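Just below is one structure, and these are the notes that go with it.
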Amino acid sequence: MIIYQVFTRLFGNDNTFLVPNGTKEQNGCGKMADFTLKALDEIRSLGATHIWHTGIIEHATQTDYTAYGISLDNPDVVKGKAGSAYAIKDYYDVDPDLAQKVSTRMKEFQNLVCRTHSAGLKVIIDFVPNHVARQYYSDACPKGTDDLGTADDVNVVFSNQNNFYYLPGDSLHLDNIKSGSSYCETPAKATGNDVFSAWPGRNDWYETVKLNYGIDVCGGRRGYFTPIPDTWQKMLKILLFWAEKGIDGFRCDMAEMVPVEFWSWAIQI
């Protein structure tokens with residue numbers, strides 16, 4: 001197995017200049033369509049057996065896609081104009097930056113998978129299970145699927161049926177990161193890198209929130225896995241959703257921050 005990793009938005013971008021903190025229109029953006037059969041054949045000629053695409057799943061961004069039904073992100077909780085590929089905004093959608101036509105982004109991804117298989121290569125995508133964007137909202141989830149956090153009891157720090165961890169009575173403070181921040185979050189949620197404080201620092205993953213897999217982090221990190229945590233069920237559905245798109249595997253980001261009990265359960269299913 002030889003894996004060729006690509007940051008998909010950079011692969012086909014032929015701009016030779018950079019505007020610091022520039023927009024997508026100024027700096028350009030690679031597309032899934034840039035992985036032509038010729039390009040894929042060249043990658044296979046290097047001896048690669050798999051292509052690992054980083055940044056396929058939709059993440060928070062400062063680009064306005066409201067015309068396509070995608071909610072706008074507050075720039076105070078987005079790092080950079082393009083945003084971080086590890087601040088997932090919708091687990092059930094493709095990042096619109098990567099599509100030639102935003103309205104056909106999922107079809108373009110499925111075409112990419114087909115082209116890759118035709119070239120004799122397998123497809124791996126990043127799965128980011130530990131944390132999501134602060135303003136996570138799935139507008140593309142399958143009918144009948146409950147979104148993350150919709151049934152949470154926000155009055156408790158921890159419940160094994162909550163998707164997030166909360167700091168009841170505290171609002172999130174970003175003043176030490178950006179003066180006069182307009183972002184509001186009450187109660188504050190725990191930050192992605194296990195920061196259980198309403199005052200995350202500039203070097204924290206402050207644009208993300210930690211997902212709850214049944215570990216009482218503030219209670220001695222004891223696991224509560226019976227009944228099955230709600231987050232387990234939701235993340236399994238997400239994994240199966242992408243598997244049904246024909247991908248061949250996942251690279252699981254920060255897998256060590258997710259309890260091994262979840263991986264054992266999900267893999268055997």
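Putting +1 on Lys and Arg Cβ atoms and -1 on Asp and Glu Cβ atoms, find which of 13, 87, 70 reaches farthest to the positive end of the dipole of the range 9-90.
Working it through, the farthest residue towards the positive pole turns out to be 13.
In what sequence, highest mean first, do 143-151, 207-215, 98-106 appear when ranked by Cβ atoms within 10 angstrom? List each step's numbers first, then the result.
Details: 143-151: 12.9, 207-215: 25.7, 98-106: 16.3.
Going by the mean number of other Cβ atoms within 10 Å, highest first, we get 207-215, 98-106, 143-151.
Given labels modelled 7 Å from the Cα in the Cβ direction, how far is it in nm from residue 261 to residue 139?
Here the modelled spin labels are 3.7 nm apart.
On the protein heavy atoms, probe 1.4 angstrom, tell me the percent of accessible surface of the chain carried by carbon and sulfur.
On the way: 6530 of 12570 Å².
Within the chain, the accessible surface is 52 percent carbon and sulfur.
Helix-only mean residue ellipticity at 222 nm, the chain, DSSP H runs n ≥ 4 weighted -39,500 (n - 2.57), per residue, nearest 500. What is it? Let's see the in-between values first.
Working: 6 runs with 54 residues, N = 269.
So the calculated ellipticity at 222 nm is -5500 deg cm²/dmol.
Relative to the longest principal axis of the C-alpha atoms of the chain, give the angle of the C-alpha long axis of helix 105-118, reported between 0 and 90° and rounded to the nearest 10°.
50 degrees
In percent, what relative contact order does the range 91-236 have, based on Cα pairs under 8 Å that are 6 or more apart in sequence?
Values: 207 pairs, mean separation 29.6, N = 146.
It comes to 20 percent, rounded to a whole number.
Please list 3J(HN,Hα) in residue order for the range 80-94, calculated via the Karplus relation 6.51 cos²θ - 1.76 cosθ + 1.60 where θ = phi - 60°; whole Hz, with x for glycine and proline.
Rounded to whole hertz, the list is x, 4, 7, x, 8, 5, 10, 10, 5, 9, 8, 5, 9, 9, 8.
So for the range 143-261, if I pair up every lysine 8 or more residues apart or on another chain, how many of those pairs have alpha-carbons under 22 Å apart?
Value for the range 143-261: 11.
Just order 118-125, 52-59, 66-73 by mean Cβ neighbour count inside 10 Å, highest at the front, would you? Kindly include the intermediate steps, with their values, before the conclusion.
Working: 118-125: 17.8, 52-59: 23.6, 66-73: 13.4.
Highest mean packing first, the order is 52-59, 118-125, 66-73.
Of the beta bridges DSSP finds with both residues in the range 1-99, what % are antiparallel, to the nearest 5? Can you show the working numbers first?
On the way: 3 of 8 bridges.
The antiparallel proportion sits near 40 percent.
How much length would be gained if the chain were fully extended between residue 68 and residue 203, taking 0.36 nm per residue of separation minus their Cα-Cα distance, in nm to one decimal? Display every interim value, and only then the final one.
Details: separation 135, 0.36 × 135 = 48.60 nm, distance 3.26 nm.
Going from the current span to full extension adds 45.3 nm.
State the antiparallel share, in %, of DSSP beta bridges confined to the chain, rounding to the nearest 5.
On the way: 13 of 26 bridges.
If I count the DSSP bridges inside the chain, around 50 percent turn out antiparallel.
How much area per residue is accessible in the chain when the probe is 1.4 Å and only protein heavy atoms are counted (Å²)? Let's see the in-between values first.
Numbers: 12570 Å² over 269 residues.
On a per-residue basis, 47 Å².
Which residue, chosen from 119, 137, 160, occupies the Cα position most advanced towards the positive end of the dipole of the range 70-163, where the dipole is computed from +1 (Lys, Arg) and -1 (Asp, Glu) charges on Cβ about the Cα centre?
Going by the charge dipole, the pick is 119.
If I take every Cα pair under 8 Å that is 6 or more residues apart in the chain, average their sequence separation and divide by the length, what percent do I get for the relative contact order?
Values: 506 pairs, mean separation 47.3, N = 269.
Result for the chain is 18 percent.
Along the charge dipole of the chain, Cβ charges K/R +1 and D/E -1, which of 36, 215, 233 sits furthest on the positive end?
Among 36, 215, 233, the one farthest towards the positive end of the dipole of the chain is 36.
Ordered by residue, what ³J(HN,Hα) values in Hz, to whole numbers, does the range 156-164 give under the Karplus form 6.51 cos²θ - 1.76 cosθ + 1.60, where θ = phi - 60° and Gly and Pro are x?
Karplus values, whole Hz, x for Gly and Pro: 10, 5, 9, 8, 6, 9, 7, 8, 10.
Pick out which of 62, 26, 135 has the largest mean-square fluctuation in a Gaussian network model of the chain, springs linking Cα atoms closer than 10 Å.
26
Charges only on Cβ, +1 for Lys and Arg, -1 for Asp and Glu: so what's the dipole of the chain about the Cα centre, in debye to the nearest 20?
Numbers: 25 positive and 33 negative charges, 118 e Å.
It comes to approximately 560 debye.
For the range 48-156, what is the relative contact order in percent, using Cα pairs closer than 8 Å and at least 6 residues apart in sequence?
Numbers: 157 pairs, mean separation 37.8, N = 109.
Answer for the range 48-156 is 35 percent.
Post the alpha-carbon centroid distance, the range 203-227 to the range 114-161, in whole angstrom.
16 Å
What spacing in nm lies between the two simple spin-label points modelled at residue 38 and residue 19, each 7 Å away from Cα in the Cβ direction?
2.9 nm
May I ask you to compute the full-extension gain from residue 155 to residue 173, defined as 0.36 nm times their residue separation minus their alpha-carbon distance, rounded to one decimal in nm? Don't skip to the answer; put the middle values down first.
Values: separation 18, 0.36 × 18 = 6.48 nm, distance 1.85 nm.
Using 0.36 nm per residue and subtracting the Cα-Cα distance, I get 4.6 nm.
Using the Cα centre as the reference, give the magnitude of the dipole from point charges on the C-beta atoms of the range 120-269 (Lys, Arg: +1; Asp, Glu: -1; all else neutral), rounded to the nearest 20 debye. Could the numbers behind the result be given before it?
On the way: 13 positive and 19 negative charges, 45 e Å.
Once rounded to the nearest 20, the dipole reads 220 debye.
The values are calculated or read from the model by the stated rules, or taken from the named source; none is laboratory data. All of these numbers come straight from a predicted model, not from anything done at the bench. FYI the Cβ positions are ideal-geometry reconstructions off the backbone, even for glycines, and counts take in every protein chain you see. Heavy atoms of the whole protein, side chains included, go into the accessibility calculation; ligands, DNA and RNA do not. Shrake-Rupley method; radii C 1.70, N 1.55, O 1.52, S 1.80 Å.
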